[in-house]
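Asker: Handing you this structure, nothing more for now.
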Amino acid sequence: MENKPSFSPFSFCDTELLYHSRTHLLRSYERAHVFLKREDESGFGISGCKKRKYASLIPFLEKSDFEQVGIIGGASSNNVIGLVQLLREKNIPFHLFLKENHTDAHKGNAFFLKLLTNPEEITYISSKEWPLVQEISERHLQQNYQHYFVVPEGSSCKEAVPGALTLAYDIVENQRLSKMEYDHIFIDSGTALTAIALGYGGLMAGLKASMHVVRMAGDEAWFHEQVKLVQEWLLLLGCNGFQTPTFHLYKPFTAKSFGSVNETIRQQVKYLAKQHGILTDPVYSAKHIATSMLIVENERLTGNILVVHSGGGTGLTGWEID
């Protein structure tokens, strides 16, 4: 039975935070044409697929009028610096719960975060305690506030789902403008919300492409648990009558541990910049694009293929790429 739930993610969103991103031909094979979805071009400090999540998360935070919003993440997180900018703009009070590390505060996202925040707005959590960060942040806020909200790592929460779903609708618009359909779509996955939302959004928007996910973190069992969680969130949001999307899951072809970067990935950053004019960060986008291209070649995929560049260009700053 065809899946057409009566649900509009746009009704939850601040449309000023939504955007249309273009595609361009990345490389043609004998059997396939590969295009890149330029989510990275949506802005500098606030960009990419995360900006879509904010499109529904920020309206929720504004309407709820919380006394304090907790934000969980790493000191080099693209999500944290993007969200902090919007909370400053909207005058929404926040407190950061960051994983303690030895990042140089004068480089990369740590530098941007230092510009955006004051020391008293940050609580650092040790690596040993990090698995309990949600509980720690809740307990910290309970001591001083009655009405608060904690945004999990990567803004992976129910309130960000509608905005994340809009990526699929934007890809449908790419198809309409180019007068073709994609046979395969590749996307990377950290906390997994954007990738999973692309799958569900694809069913809602009528995408027929096979969904391929390059997992930067978590094993396959964990990913499938997140799929079920997003389905539960969709039901709470009033979206039902849909099937579970099918995902083809992969790990990066090299530097497979989350956050790891080796010389091969550094060379991929250089290659993508010099050969294609694309700036990528080594933790997510360079790994993702290089892995996707290798899968296309090794699995001899055919037709029109779209690789989503999910953004996060600020994540490249601070890296030394020789």
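Asker: Could you tell me which of the residues LYS158, LYS128 is without any contact (Cβ under 8 Å) to a residue 12 or more places away in the chain and either on the phi < 0 side of the Ramachandran plot or outside the structural domain of ILE81 (by TED's automatic domain parsing) (or both)? Walk me through it before giving the result.
Answerer: Values: LYS158 fails: without any contact (Cβ under 8 Å) to a residue 12 or more places away in the chain.
From the options LYS158, LYS128, the qualifying one is LYS128.
Asker: Let me ask another. Within the stretch 257-277, does at least one residue satisfy the condition of being out of contact with any Pro (no Cβ under 8 Å at 6 or more places or on another chain), at pLDDT below 95 and either among the basic types (Lys, Arg) or not assigned by TED's automatic domain parsing to the domain that holds ASP188 (or both)?
Answerer: Yes; the residues of the stretch 257-277 include at least one that is out of contact with any Pro (no Cβ under 8 Å at 6 or more places or on another chain), at pLDDT below 95 and either among the basic types (Lys, Arg) or not assigned by TED's automatic domain parsing to the domain that holds ASP188 (or both).
Asker: Then there's this: Being crowded, with 18+ Cβ neighbours inside 10 Å and modelled with pLDDT under 95 is the filter here; which residues of the stretch 118-133 pass it?
Answerer: Matches in the stretch 118-133: none.
Asker: Here is a follow-up. Can you find even one residue in the stretch 255-273 that is closer than 29 Å to LYS179 by Cβ, out of contact with any helix residue (DSSP H, G or I) (no Cβ under 6 Å at 6 or more places or on another chain) and assigned to a helix (DSSP H, G or I)? If you could, list the steps in order and put the result at the bottom.
Answerer: Keep residues of the stretch 255-273 that are closer than 29 Å to LYS179 by Cβ, which gives 272.
Narrowing further to those that are out of contact with any helix residue (DSSP H, G or I) (no Cβ under 6 Å at 6 or more places or on another chain): 272.
Retained after the next criterion (residues that are assigned to a helix (DSSP H, G or I)): 272.
Yes, that holds for at least one residue.
Asker: On to the next question. Kindly indicate the residue of the stretch 282-301 that is free of Cβ contacts under 8 Å to residues at least 24 places away in the same chain and surrounded by fewer than 22 Cβ atoms within 10 Å (Cβ to Cβ) and also farthest from HIS212 (Cα to Cα) among those meeting that condition.
Answerer: Within the stretch 282-301, the match that is farthest from HIS212 (Cα to Cα) is ASN298.
Asker: Please go through the stretch 92-141 and pick out each residue that is of a type in the set (A, V, I, L, M) and more than 21 Å from GLY259 (Cβ to Cβ).
Answerer: Here is the first cut: in the stretch 92-141, the residues of a type in the set (A, V, I, L, M) are 92, 96, 98, 105, 110, 113, 115-116, 122, 125, 132-133, 136, 141.
Scanning the stretch 92-141 gives ILE92, LEU115, LEU116, ILE136, LEU141.
The values are calculated or read from the model by the stated rules, or taken from the named source; none is laboratory data. Source: prediction; values computed, not measured. Cβ: placed from backbone, ideal geometry, glycine included. Neighbour counts: every protein chain shown.
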